[in-house]
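For reference, the structure discussed in these notes is given below.
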Amino acid sequence: MFARLTRFAAAAVLGMAATIAHAEERVVNVYNWSDYIAKDTLEKFTKETGIKVNYDTYGENEALEAKLLAGKSGYDVVFPSASPFFAHQVKAGVYQKLDQAKIPNAKGLSKETMASLAKVDPGNAFGVPYMIAATGIGYNVDMVKKVMPDAPTGSWAMLFDPAVASRLKSCGVSLLDTPTEAVPAMLAFQGRDPMEQTKESLDAVMGALAPLRGNYRFIHSEKYRDALASGDICVAHGYVGDLVQVRERAAKAKKPQTIAIAIPKEGAIVNIDVMAIPADAPHADEAHAFINFILRPDIVAEITNETGYANAVPAADTLVDEALSKDPVIYPPQEMQAKLYTAPPPAGLDFDRARARAWSKFKAAKK
Amino acid sequence: MRVATWRRDLGRKALLAVPYAWLVLFFLLPFLIVAKISLSESRVGIPPYEPMVQADGLHVTAQGFAQLFVDDLYVGAYLNSLTIAGLATLLCLLIGYPMALAIARAREDRRGPLLMLVILPFWTSFLIRVYAWMGILKDEGLLNHLLMALGLISEPLVILNTDIAVYVGIVYSYLPFMVLPLYATLEKLDPSLLEAAADLGARPWRAFLSVTLPLSVPGIVAGSLLVFIPAVGEYVIPGLLGGGDTNMLGTALWDVFSLTRDWPGAAALAVAMLAALVVPIAVFQRLQSRLEREGER
């Protein structure tokens, strides 16, 4: 009888302990781009902090934004691109101010990156940089050489000079399907301020783009990866992070293709993906701990090594594979960095509407 | 006796209530929410539109609808969607009718497997099937390799990223929706009607035109609607197989939603699209049922 009682009591105590442990189990809900972290990052984080990570992924900024703007997403850490997405979301009140005291590793972030991020988030109050990649041009070296041996491969002229684009057309040219990339690129090609967002500059860009429409085999933000890797197109407007992966894949393909990447000399957009905490995040403390962990040089270097994207922690540079850190399209040299700019924040609904409409019309014009 | 009828009535009503409840919950309610957003004012915030009822009164605007008619972009997209969906439906009918007829006339033990073959593609994801077409239609793809190996062409045909590829994708994807209702109608046709026609001297072609075809009209209508309606709003196929110049309502809607974050504008386009589709279809249905009733009389 007594033995049975003790056993009962022991079970009860154990049960209670389990409940307490359960109540104290710390979790963080992370929503990140797909293929955008190292294999064991999450495991290491849980091992060191005891915080369990629920990890979801998305493929497009729009998918994240729709969830955030609808509210109560339930996520604690998200990774929007700085502009126009993060910029707009900050204005919409989506995020909470970061508690800098809980992110001591943020002190190790590159001053330059923080400064360009501050253009869309004054004082870096709401986000810290995660990974960085420019937008540029990927091209098939042999196919381009065959069609146009003297092609200006280091320039936006590949896409926007009628004399060049009309020749490259025969081996296939593609554009990214977003005016937030195409419009500043065209402005840079025209020698204007790529950050300009006026009706006049928009008209100038769309006027120059309209007669070029027939040269673009397709306008799409994802299809170019397969098409370029398999030799179906020869020039693609694309995200350098994606293009690096395309270059690798194309080299290993059954029919190997040599893909080269250029960040155009006229200047290009640099996309900073940001880590931020939604205002209604259920686990803000854990979110801060997660961000702080990611910003540790050894951790962020592993992510760079696996994804091929540059990070914004200078102390991590020596830990990054040399093949990556010496690659000028991943870690642009000083003189190129001066020509990289963050996309301008949204100018307002009227301009956005005019630009979206002009873009839809440009796309819809028959080839 | 009375009670029994009353009970039967109640049972029938309860059974009918199920699909109605389904429609209200999963169609009407979401639609009303979208309709409400379409009349709201845009703002920068969560959610990205003003609440309709506020302390200072009702906030309602038709701005979202007004911007649809600023120029011919969306009207063009609407007409283009109707054209593409209409032509694709016609192609589905031309391909699907002989298929359905062949299955319906096949030996009874073969019909099951044949129908299975029609349904089989549904076991793979729609997206993967569209991607497979990219592999078939591209310049260095299966089709071009085959045609070149046969010596029919010397240069690869550019099919991918054109409207032709969009048609191929839509016809392929929606063909089963045409074949199945057609088969259901054709299979029920009494073969003795055709025998009677033959006895009266009608050649097979004549018998088909004056017996089989008229009797299969309900199947044609059902199949055409099942293909036409989703094809009008198609978004994935023009995106992946087209070259970006296929201006359809689905793609236009996505541009508004993603490029401007203008939820009311995008909602207005969605409501307008639905109205522009549902109204003609409802009128058509009503006309058809009236004709049928008159035919019975």
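The values are calculated or read from the model by the stated rules, or taken from the named source; none is laboratory data. The model shown is predicted, which means the values in this text are computed figures rather than measured ones. Note that we place each Cβ from the backbone using ideal geometry, even for glycine, and neighbour counts take in every protein chain shown.
Filtering the stretch A:87-137 down to residues that are among the hydrophobic types (A, V, I, L, M, F, W, C) and in a loop (DSSP other than H, G, I, E, B), which residue is farthest from the other protein chains (Cβ to nearest Cβ)?
Taking the stretch A:87-137 and keeping what is among the hydrophobic types (A, V, I, L, M, F, W, C), we get A:87, A:90, A:92, A:94, A:98, A:101, A:103, A:106, A:109, A:114-115, A:117-118, A:120, A:125-126, A:128, A:131-134, A:137.
Of the ones still in play, those that are also in a loop (DSSP other than H, G, I, E, B) are A:92, A:94, A:98, A:103, A:109, A:120, A:125-126.
Working: A:Ala92: 5, A:Val94: 6, A:Leu98: 19, A:Ile103: 24, A:Leu109: 27, A:Val120: 14, A:Ala125: 17, A:Phe126: 14 Å.
Filtering the stretch A:87-137 for residues that are among the hydrophobic types (A, V, I, L, M, F, W, C) and in a loop (DSSP other than H, G, I, E, B), the one farthest from the other protein chains (Cβ to nearest Cβ) comes out as A:Leu109.
I'd like to check something: does the stretch A:148-157 contain any residue that is within 22 Å of the chain's Cα centre (by Cα) and under 26 Å from A:Asn61 (Cα atoms)?
Checked the stretch A:148-157: at least one residue is within 22 Å of the chain's Cα centre (by Cα) and under 26 Å from A:Asn61 (Cα atoms).
Which residue out of A:Ala347, A:Ala343, A:Ala338, A:Ala365 is touching a helix residue (DSSP H, G or I) at 6+ places or on another chain (Cβ under 7 Å), closer than 29 Å to A:Glu196 by Cβ, surrounded by fewer than 20 Cβ atoms within 10 Å (Cβ to Cβ) and modelled with pLDDT under 90? Lay out the reasoning, then the answer.
Values: A:Ala347 fails: touching a helix residue (DSSP H, G or I) at 6+ places or on another chain (Cβ under 7 Å); A:Ala343 fails: surrounded by fewer than 20 Cβ atoms within 10 Å (Cβ to Cβ); A:Ala338 fails: touching a helix residue (DSSP H, G or I) at 6+ places or on another chain (Cβ under 7 Å).
None of the others qualify; the one that does is A:Ala365.
Restricting to the stretch B:124-147, what's the tally of residues that are in a helix (DSSP H, G or I), out of contact with any Pro (no Cβ under 7 Å at 6 or more places or on another chain) and more than 14 Å from chain A (Cβ to nearest Cβ)? Working first, answer last.
Looking only at the stretch B:124-147, we keep the residues that are in a helix (DSSP H, G or I), and these are B:126-137, B:142-147.
With the extra rule that they be out of contact with any Pro (no Cβ under 7 Å at 6 or more places or on another chain), the set shrinks to B:126-128, B:130-137, B:142-143, B:145-147.
Of the ones still in play, those that are also more than 14 Å from chain A (Cβ to nearest Cβ) are B:126, B:146-147.
Of the residues in that region, 3 qualify.
Within the stretch A:270-324, which residues are polar (S, T, N, Q), part of a helix (DSSP H, G or I) and under 17 Å from A:Trp33 (Cα atoms)? I'd like the intermediate steps shown before the answer.
Taking the stretch A:270-324 and keeping what is polar (S, T, N, Q), we get A:271, A:292, A:304-305, A:307, A:311, A:318.
Now narrow it down to the ones that are part of a helix (DSSP H, G or I): A:292, A:304-305, A:307, A:318.
Listed by number, the residues that qualify are A:Thr304, A:Asn305, A:Thr307.
Any idea which residue in the stretch A:82-114 is farthest from A:Phe293 (Cα to Cα), counting only those that are hydroxyl-bearing (Ser, Thr, Tyr) and out of contact with any Phe, Trp or Tyr (no Cβ under 9 Å at 6 or more places or on another chain)? Don't jump to the end; show me each part of the working.
Within the stretch A:82-114, the first condition is being hydroxyl-bearing (Ser, Thr, Tyr), and the residues that meet it are A:83, A:95, A:110, A:113.
Add one more test, that the residue is out of contact with any Phe, Trp or Tyr (no Cβ under 9 Å at 6 or more places or on another chain), and what stays is A:83, A:110, A:113.
Values: A:Ser83: 24, A:Ser110: 17, A:Thr113: 19 Å.
By that ranking, first place goes to A:Ser83.
Going through B:Ile128, B:Ile170 one at a time, which residue ends up being surrounded by fewer than 20 Cβ atoms within 10 Å (Cβ to Cβ) and closer than 30 Å to B:Gly239 by Cβ? So that I can check it myself, show each step before the final result.
Values: B:Ile170 fails: surrounded by fewer than 20 Cβ atoms within 10 Å (Cβ to Cβ).
Only one candidate passes the filter, namely B:Ile128.
Conditions (1) under 30 Å from A:Ala101 (Cβ atoms); (2) free of Cβ contacts under 8 Å to residues at least 24 places away in the same chain; (3) in contact with a strand residue (DSSP E or B) (Cβ under 9 Å, 6 or more places away or on another chain); (4) charged (D, E, K, R), marked per residue:
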| residue | (1), (2), (3), (4) |
| --- | --- |
| A:Ser230 | no, no, no, no |
| A:Gly241 | no, no, yes, no |
| A:Ala251 | no, yes, yes, no |
| A:Lys255 | no, no, no, yes |
| A:Pro264 | no, no, yes, no |
| A:Ile269 | no, no, yes, no |
| A:Ala289 | yes, no, yes, no |
| A:Ile299 | yes, no, no, no |
| A:Gly308 | no, no, yes, no |
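Of the numbered conditions (1) more than 28 Å from the chain's Cα centre (by Cα); (2) modelled with pLDDT of 90 or more, B:Met116 satisfies every one except a single condition; which is it?
Against the list (1) more than 28 Å from the chain's Cα centre (by Cα); (2) modelled with pLDDT of 90 or more, B:Met116 comes up short only on (1).
Would you be able to say whether some residue in the stretch B:226-239 is under 30 Å from A:Pro84 (Cα atoms) and more than 14 Å from every other protein chain (Cβ to nearest Cβ)? Can you show your working first?
We begin by selecting, within the stretch B:226-239, every residue under 30 Å from A:Pro84 (Cα atoms); these are B:233-239.
Adding the requirement that they be more than 14 Å from every other protein chain (Cβ to nearest Cβ) leaves B:233-234.
Checked against the condition, which is being under 30 Å from A:Pro84 (Cα atoms) and more than 14 Å from every other protein chain (Cβ to nearest Cβ), the stretch B:226-239 yields at least one hit.
Sort out for me the helices (runs of 4 or more DSSP H) sitting completely within the stretch A:1-74 that have 2 or more residues that are more than 24 Å from the chain's Cα centre (by Cα) and either surrounded by 10 or more Cβ atoms within 10 Å (Cβ to Cβ) or modelled with pLDDT of 90 or more (or both). Break it down stepwise before answering.
Working: elements: A:2-24, A:41-49, A:61-70.
Helices (runs of 4 or more DSSP H) meeting the threshold: A:2-24, A:41-49.
Give all pairs with beta carbons closer than 6 Å in which a residue from the stretch B:72-86 that is farther than 10 Å from A:Ser360 by Cβ meets a residue that is of a type in the set (Val, Ile, Thr); count only pairs at least 6 apart in sequence or on separate chains.
As it stands, the answer is B:Ser81/B:Val232; B:Ala85/B:Val232, since those pairs meet every condition given.
Going residue by residue through the stretch B:189-203, is there one that turns out to be hydrophobic (A, V, I, L, M, F, W, C) and touching a residue at least 24 places away in the same chain (Cβ under 8 Å)? Spell out how you get there, then give the answer.
Looking only at the stretch B:189-203, we keep the residues that are hydrophobic (A, V, I, L, M, F, W, C), and these are B:189, B:193-194, B:196-198, B:200, B:202.
Okay, now just the ones that are also touching a residue at least 24 places away in the same chain (Cβ under 8 Å), so B:189.
Yes, there is a match, as at least one residue in the stretch B:189-203 is hydrophobic (A, V, I, L, M, F, W, C) and touching a residue at least 24 places away in the same chain (Cβ under 8 Å).
I need the full set of residues from the stretch A:103-148 which are at positive phi and touching a helix residue (DSSP H, G or I) at 6+ places or on another chain (Cβ under 7 Å), in order please.
Restricting attention to the stretch A:103-148, the residues satisfying the condition of being at positive phi are A:123-124.
Residue satisfying the conditions is A:Asn124 alone.
Check off (1) within 14 Å of another protein chain (Cβ to nearest Cβ); (2) touching a residue at least 12 places away in the same chain (Cβ under 8 Å) for A:Ala316 and give me the number that stays unchecked.
Condition (1) is where A:Ala316 drops out.
I'd like to verify a number: residues in the stretch A:102-137 that are hydrophobic (A, V, I, L, M, F, W, C) and loosely packed, with under 15 Cβ neighbours inside 10 Å, how many?
The total comes to 3.
Could you tell me whether B:Val34 is surrounded by fewer than 14 Cβ atoms within 10 Å (Cβ to Cβ) and either more than 13 Å from every other protein chain (Cβ to nearest Cβ) or within 24 Å of A:Gly93 (Cα to Cα) (or both)?
It is false that B:Val34 is surrounded by fewer than 14 Cβ atoms within 10 Å (Cβ to Cβ) and either more than 13 Å from every other protein chain (Cβ to nearest Cβ) or within 24 Å of A:Gly93 (Cα to Cα) (or both).
Just checking, which of B:Phe208, B:Phe257 is assigned to a helix (DSSP H, G or I) and within 11 Å of chain A (Cβ to nearest Cβ)? Working first, answer last.
On the way: B:Phe208 fails: within 11 Å of chain A (Cβ to nearest Cβ).
Going through B:Phe208, B:Phe257 in turn, the sole match is B:Phe257.
From the list B:Asp72, B:Asp56, which residue is within 11 Å of chain A (Cβ to nearest Cβ) and not aliphatic (A, V, I, L, M)? Let's see the steps before the verdict.
Details: B:Asp56 fails: within 11 Å of chain A (Cβ to nearest Cβ).
B:Asp72 is the lone residue from the list that is within 11 Å of chain A (Cβ to nearest Cβ) and not aliphatic (A, V, I, L, M).
Here is a check on your reading of the model: is B:Ser81 closer than 30 Å to B:Tyr183 by Cβ, surrounded by 18 or more Cβ atoms within 10 Å (Cβ to Cβ) and touching a Gly at 6+ places or on another chain (Cβ under 9 Å)?
On the way: closer than 30 Å to B:Tyr183 by Cβ: yes; surrounded by 18 or more Cβ atoms within 10 Å (Cβ to Cβ): yes; touching a Gly at 6+ places or on another chain (Cβ under 9 Å): yes.
So B:Ser81 passes the test.
I'd like the full set of residues that are surrounded by 13 or more Cβ atoms within 10 Å (Cβ to Cβ) and either in contact (Cβ under 8 Å) with a residue 40 or more places away in the chain or closer than 20 Å to B:Met273 by Cβ (or both), limited to the stretch B:48-71.
B:Pro48, B:Tyr49, B:Thr61, B:Gln63, B:Gly64, B:Phe65, B:Gln67, B:Leu68
Restricting to the stretch A:239-269, and then to whatever is part of a loop (DSSP other than H, G, I, E, B) and closer than 18 Å to A:Leu340 by Cα, can you tell me which residue is nearest to the chain's Cα centre (by Cα)? So that I can check it myself, show each step before the final result.
Applying the first criterion (part of a loop (DSSP other than H, G, I, E, B)) to the stretch A:239-269 yields A:253-258, A:263-267.
The next check asks that each one be closer than 18 Å to A:Leu340 by Cα; those that pass are A:263-267.
Numbers: A:Ile263: 16, A:Pro264: 18, A:Lys265: 21, A:Glu266: 21, A:Gly267: 18 Å.
Selected residue: A:Ile263.
Answer yes or no as to whether B:Ser289 is assigned to a helix (DSSP H, G or I) and crowded, with 16+ Cβ neighbours inside 10 Å. Even if it seems obvious, please write down each step before you answer.
On the way: assigned to a helix (DSSP H, G or I): yes; crowded, with 16+ Cβ neighbours inside 10 Å: no.
Answer is no for this residue.
Here are the criteria: (1) more than 25 Å from the chain's Cα centre (by Cα); (2) part of a loop (DSSP other than H, G, I, E, B). Tell me which single one B:Arg111 does not satisfy.
(2)
Output the residues belonging to the stretch A:350-362 that are more than 9 Å from chain B (Cβ to nearest Cβ) and crowded, with 17+ Cβ neighbours inside 10 Å. Full working, then the answer.
Quick first cut of the stretch A:350-362, residues more than 9 Å from chain B (Cβ to nearest Cβ) only: A:350-351, A:354, A:358, A:362.
Of everything in the stretch A:350-362, those that are more than 9 Å from chain B (Cβ to nearest Cβ) and crowded, with 17+ Cβ neighbours inside 10 Å turn out to be A:Ala354, A:Ala358, A:Phe362.
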